[in-house]
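The values are calculated or read from the model by the stated rules, or taken from the named source; none is laboratory data. A quick note: this is a predicted structure, and the numbers were derived from the prediction, not measured. Methodologically, a virtual Cβ is constructed for each residue, glycine included, from the backbone with ideal geometry; neighbour enumeration extends over all protein chains shown. Quick note on the areas: whole protein, heavy atoms, side chains included, nothing else; ligands and nucleic acids left out. Shrake-Rupley method; radii C 1.70, N 1.55, O 1.52, S 1.80 Å.
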Amino acid sequence: GKDHVVMVYLDRTTMHPQGGGQPSDIGVIVDESQGILLKVDKVGKIGGFSDFEVVHTGRLMNVSGNDIVDHDIVSFSPGS
């Protein structure tokens with residue numbers, strides 16, 4: 001099947017981006033209120049050395065593990 005990769009930018013994260021020869025963290029970010037999750041395959045940084053954003057790349061899925069390919073989803077709000 002075709003991969004449906006999404007990128008999620010968050011203002012804070014516990015996942016470490018790729019850098020310094022180390023691979024990035026992988027894992028799952030859950031939005032319980034919508035019953036969806038992001039299966040994170042890669043975490044990266046965009047921007048400068050001290051002023052950057054962290055981007056999480058992966059597949060958006062429902063809690064049953066099925067890919068979500070509906071592009072009408074406009075917000076992803078993981079718990080704090």
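Just a few scattered comments:
- Largest-first ordering by accessible area, 1.4 Å probe, given options 11, 67: 11, 67
- Relative packing of 15-24, 53-62, which averages over residues the other C-beta atoms within 10 Å, highest first: 53-62, 15-24
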